[in-house]
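Below: one structure, written as structure tokens.
The values are calculated or read from the model by the stated rules, or taken from the named source; none is laboratory data. Here the structure is a predicted model, which is why all the values come from computation and not from measurement. We place every Cβ from the backbone using ideal geometry, glycine too, and count neighbours over all the protein chains shown. For the accessible areas, the whole protein counts, side chains as well, though only heavy atoms, and no ligand, DNA or RNA atoms are used. Shrake-Rupley method; radii C 1.70, N 1.55, O 1.52, S 1.80 Å.
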Amino acid sequence: MYFLSTNYGKKMQYFLDNSLVTVEIEHYSPDLSAFSFVALPGRLVQVEDAGQKRAVRERFVQMIKSKALSPNVLSALGHSPEEPVEVLLSGENSSVWKLVGVKLDLILG
């Protein structure tokens, strides 16, 4: 599982200070009559390989387009919503992180 974050701010410093995280994935109905989740404890590592970072960024661009997400998502990644989504491919304003070390016996759901 991969994540993008800005290259600045408290979140970046938190990741560098302590890479242990728990990622929660939720699925729910619009009226909240049905809800399920899974919590994945692991740690984040910053991806350094240029090819791997490019591939992850391309998948993020594809996901944003295919789900017709608001351009405001770019704000959370250090860009202006007025910029084209392909600006994420340059990688200047964001870092790529990978969730690793998930222990199956610690998964909650």
Taking 0.36 nm per residue of separation between GLN46 and SER90 and subtracting their Cα-Cα distance, the length gained on full extension comes to 14.2 nm
Computed for the chain: size of charge dipole around the Cα centre, +1 on C-beta of each Lys and Arg, -1 on C-beta of each Asp and Glu, debye to nearest 20, value 200
If one builds a Gaussian network model of the chain from Cα atoms under 10 Å apart, the most fluctuating residue listed among LEU77, LEU99, LEU69 is LEU69
Within the set SER70, SER19, SER33, GNM on the chain using Cα springs under 10 Å gives the largest fluctuation to SER33
Note on the chain: contact order normalised by length, alpha-carbon pairs under 8 Å, 6 or more apart, percent, works out to 41
Highest GNM mean-square fluctuation among PRO30, PRO41, PRO81, for the chain with Cα springs under 10 Å, belongs to PRO30
Counting Lys and Arg as +1 and Asp and Glu as -1 over every other residue whose Cβ sits under 14 Å from the Cβ of LEU16, the net charge comes to +1
The answer for the stretch 1-73, accessible area per residue at 1.4 Å probe in Å², is 72
Applied in sequence order to the stretch 94-105, the curve 6.51 cos²θ - 1.76 cosθ + 1.60 (Karplus, θ = phi - 60°) yields integer Hz couplings, x standing for Gly and Pro, of 9, 10, 9, 10, 10, 7, 10, x, 6, 9, 4, 6
Between MET1 and ALA68, the FRET efficiency computed from the C-beta separation at R0 = 25 Å comes out, to the nearest 0.05, as 0.65
Within the stretch 58-104, DSSP-loop trypsin sites (Lys or Arg not before Pro) with at most 16 other C-beta atoms within 10 Å are LYS67, LYS103
For the chain, the accessible surface attributable to carbon and sulfur atoms (probe 1.4 angstrom, ligands and nucleic acids excluded) amounts in percent to 56
Rounded to 0.05, the calculated FRET efficiency for the beta carbons of SER29 and LEU108 at R₀ = 30 Å is 0.90
In terms of the charge dipole of the chain, which places +1 on Lys and Arg and -1 on Asp and Glu at the beta carbon, the residue among GLN62, SER90, GLN46 farthest towards the positive end is GLN46
With the chain reduced to its Cα atoms and the Debye formula applied, log10 I(q)/I(0) at q = 0.23 1/Å amounts to -1.28
Long-range amide H partners of LEU40, meaning residues 5 or more apart or on another chain whose placed amide H is closer than 5 Å, are VAL23, GLU24, ILE25
